[in-house]
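Q: Structure incoming, see below.
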Amino acid sequence: MPYETLYRRYRPKRFEEVVGQAHVVKALMNAIKFGRISHAYLFAGQRGTGKTTVARLLAKALNCAKGPTPEPCCVCDACKAIDSGSSMDVIELDAASHTKVEQIRELIVSKVAFMPAEMRYRVFIIDEAHMLSLSSFNALLKTLEEPPSHVVFVLATTDPHKIPPTIHSRCQRFDFRPIQPDLIAKRLSDILRLEKEKGSVSADVTQDALMLIARAASGSLRDALSMLEQLLLIGEGEVNAETVRTLLGMVSENMLAEIMSSIADGDVATCWRLIQEAVNEGKDLFQLIKDLTAFARELLAFKIAEESTQGVGTQGDGRGLRTLSQRFSQQQLVGIIECLRETEREMRMSDDLQLALDIGLLRAICQTRTEAGIRTETELARHDLAQAPAETLSEALESEKEVTATPADDNATAVKSEHGADNVRSNPNEEENELRALWEKVLERIKSEKFTTYALLQGSELTSICGNRLVVSVAHPFSKECLEEPTAKRFVESVASAVLSMDCSIHFVAPKEKEFVTPNGVRKVTASAKEVGEARVARLPLAPATEPSPLVSEPKQAEEKQQEDSDDKLDRTVTLLLRILDQPEAV
C-alpha cells in the first residue's frame, strides 16, 4: 500500500475531531439536528484550518445512512465513498483550474437538475472559489440563488473579499480562525502517541519542539503536520527544539537575545557579527527577521505586563527575558519593532538580503540611542524644573508690572522699585532660560524629521507651560496660520510630547498677540501692530532733540504705509522693524 502523509491519514472523520473551530462545528451540527440546512455555505479562512475537511463532514452528515445526522457513522457505504473520494454525488471542484464559464456550465449548471445517483443530497464543494471569473460567478448566480432541494453548495476560499456581493449574500458565511499553538501542539502529541502505538515512530519529540513547530505553523494544522513528518525523517532518538530550529532555518533564542543586547548597548559591530554567523550557518534571513520581531514583541509584553506570554521560552527562561526587557523603554521597543517590520518589507524588494538586514539593524540602534538620549535630557530638564522656585513666570511678570507702574520722579520709591525688580527678575530669567532650552530640543527634533515645519518655527519661543498646554510665540501671523493646520499641529504636538515625555497641546500666538508694555506702562496681551511698534520704540533711548532719530520715524512711516497698503504689508513692515530693533548694534 502506498505511503499516506500524516495530514491525510489523520484527517478528521467526525465533527468532534475538528481542532480549533468549535463555533463552526456547533452551528453546523445544530443546523443538521433541527433540519435547518441552507442551500449554500461560504467557508472563509487561511490555509490549513479545516475548510475542505468540514465541507466533506457536512456531506457525510447529510448523506449518511442514519442521517441526516450530526454524528455520521463512518461505516456505511455513503460515508466510506465520501472518505475515499469516489462518490458520484459529492463533487469537489478546484476553481483555480476551472475558471472558464464553459467549465462551470458543464460541471455544475448542467448537473444540478438531475437527482443524486446514490445518495440523499448532491453536494458541490468549490475550493478556492475566489479564483472563478466574473462570468463564471454570473453563470452560477441563478443556480446558487434557487437550487433544487437536493443540492447543497459549499464554497471554500482564503480571500472572501474577492467573492462578489451577489454570491456572498446568497450564502451562509463561516469564518475559520487560525488554530491556537497550544491546540496544535496537543494534536501533534496525540498523533505521535498513535504512531508510536503502531510502531511507525520511535523518536521522542520534546514538548518545546512541538510548541516551536506549532508557532512556526502560524495557525495551520496541515503545515504543522508536514513539518512534524519532515522532522521525524531527520531526527533520531530525542528530537528537541534545537533540531526544529535546524530544520526550519531558525536561530537560537540565545542568538536573538545577544542581538537585542547589542542593540541595547549600541554595539553595531557585535550585531553585524551575529548576523554574519547566522549567514555562515545557512540560516534563512527572512526567518531570522521574523523571529527577531517576535522576540522583540515578547520583550515588549514582559515590559508592559511583567508576566509570561504565549510562546516558547516564556516558562523556562522568562526571568532572562524580563531582565533583558528592563534595558529598554516601551517606546524604544516599539521603535525597534517598527524598524524590523520596515526592514522585512525592504528585504522583499532587495537583491542583497544581508545588506538590507544590516542597514535595518543599524537604523534600530540609532533610533534606540536617540530615544535614550531624549529620555535622559527630558529627565534632567524635569529635575531642573522641579528644583526651580515655586514662583511662576506669570507671577514674576505681575510683580514686574507693579514695579513698572511706580512713578519715576520719586527718587526713594524709584530706588526701592529698582532693587525689587532685580530680585523679581532673577527668577523669571532663570525660568525663561529653562523654557528656551526645552524648546530648542523640540526644534532640533523637528528639524531632523520635517524641515518645512522647522522653517515655520524659526524665531519661535516657548513663552509658558500651563499644565500640559504649551504657549508658543511664532515670528509671523502667516507662520501661525500654517502651524494651526491640523496635520502640522498634530506633528508638532507629537514631537513635543516625545521630548517632554507627556501629552502636550500647543497654542500658537502671533507677534501681535504677544504680551508687551505700552509707553504708558500698561501691560496688554493683544494689540494691533501699530501699538506694538510704538511700545517697542518708546522703550528705546532717544537721540538729541536737534537730530530726529530715524528709528522713531519708522512707526510713522509704517502708519502712512497702512493707509495706502493692506494689513498684510503693514504686518510685514512692523515685523521687520521689530527684528532690527532687537539687535543691539542697530540701536
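Q: On the first, second and third principal axes, largest extent first, how far apart are the outermost C-alpha atoms of segment 35-84 in Å?
A: So the extents along the principal axes, rounded to whole Å, are 32, 26, 14.
Q: How far apart, in nm, are the 7 Å Cα→Cβ label points at GLN276 and LYS33?
A: If labels sit at GLN276 and LYS33, their model points lie 6.5 nm apart.
Q: Kirkwood hydrodynamic radius, computed over distinct alpha-carbon pairs, for segment 253-372: how many Å, to one decimal?
A: Working: mean 1/r = 0.0698 Å⁻¹.
About 14.3 Å, per the Kirkwood formula over Cα pairs.
Q: Moving on to the next point. Once the piece of chain linking THR52 and SER261 is laid out straight, how much longer is it, given 0.36 nm per residue of separation minus the C-alpha distance between them?
A: Once the chain is fully extended between THR52 and SER261, it gains 70.7 nm.
Q: Can you put SER501, SER473, SER149 in order of Cβ neighbours within 10 angstrom, beginning with the fewest?
A: SER149, SER501, SER473
Q: For ARG436 and GLN172, FRET efficiency with R0 = 60 Å and r from the beta-carbon atoms, rounded to 0.05?
A: FRET efficiency, GLN172 to ARG436: 0.35.
Q: For GLY360, what is the net charge nearby, where nearby means another residue's Cβ is under 10 Å from its Cβ and Lys, Arg count +1, Asp, Glu -1?
A: -1
Q: Would you compute, for the Cα atoms of segment 6-176, the largest minus smallest coordinate along each principal axis and list the three values in descending order, in whole Å?
A: 40, 33, 32
Q: With N set to the residue count of segment 135-224, report its C-alpha Rg divided by 2.2 N^0.38 Å to two decimal places.
A: In units of the 2.2 N^0.38 Å rule of thumb, it is 1.66.
Q: Going by how many other beta carbons lie within 10 Å of each one, how would you line up ASP358, ASP352, fewest first?
A: Least crowded to most crowded, the residues run ASP352, ASP358.
Q: If you take the beta carbon distance between ARG14 and GLN287 as r and set R0 to 35 Å, what does 1/(1 + (r/R0)^6) give as a FRET efficiency, to the nearest 0.05? Display every interim value, and only then the final one.
A: On the way: r = 36 Å, r/R0 = 1.03.
E(calc), rounded to 0.05, equals 0.45.
Q: Something else about it: What number, in nm² with one decimal, is the all-direction average of the projected area of the convex hull of the alpha-carbon atoms of segment 108-171?
A: 4.3 nm²
Q: Could you grab the relative contact order for segment 6-176? Cα pairs under 8 Å, six or more apart, rounded to a whole percent.
A: Dividing the mean separation by the residue count of segment 6-176 yields 31 percent.
Q: With respect to the cross-link table entries LYS66/LYS196; LYS33/LYS198; LYS26/LYS186; LYS80/LYS196; LYS26/LYS290; LYS60/LYS142, which display a Cα-Cα separation exceeding 31 Å?
A: LYS66/LYS196; LYS33/LYS198; LYS26/LYS290
Q: Quick one: which residues, 5 or more positions from VAL205 or on another chain, have an amide H under 5 Å from its amide H? H modelled 1.01 Å from N in the peptide plane, none for Pro or chain starts.
A: Under 5 Å from the amide H of VAL205 lie the amide H atoms of VAL239, each far enough along the sequence or on another chain.
Q: Give me the extension gain from ARG322 to PHE451: residue separation times 0.36 nm, minus the current Cα-Cα distance, reported in nm with one decimal. Kindly include the intermediate steps, with their values, before the conclusion.
A: Working: separation 129, 0.36 × 129 = 46.44 nm, distance 3.90 nm.
Extra length from ARG322 to PHE451 when fully extended: 42.5 nm.
Q: For segment 181-248, how big is the tail of P(r) above 19 Å, as a whole percent of Cα pairs?
A: Working: 450 of 2278 pairs.
Result for the distance tail: 20 percent.
Q: If each of ASN138 and LYS196 carries a label point 7 Å out from its Cα toward its Cβ, how far apart are those two points in nm?
A: Result: 6.0 nm between the two label points.
Q: Additional query: When ILE163, ILE37 are ordered from fewest to most other Cβ atoms inside 10 Å of their Cβ, what list results?
A: By the 10 Å Cβ count, ascending, the order reads ILE37, ILE163.
Q: Along Cα→Cβ, 7 Å out, is where each label goes; now give me the distance between the ones at THR5 and GLN180 in nm to one decimal.
A: 2.7 nm
Q: While we're on this one: Measuring from the lowest to the highest alpha carbon on each principal axis, how far does segment 181-315 reach, largest first, in angstroms?
A: So the extents along the principal axes, rounded to whole Å, are 54, 37, 22.
Each value in this text was obtained by applying a stated rule to the coordinates, not by laboratory testing. Model, not experiment: these values are computed from the prediction. Heads up, the Cβs are rebuilt from the backbone with ideal geometry, glycines too, and the neighbour counts pull from every protein chain shown.
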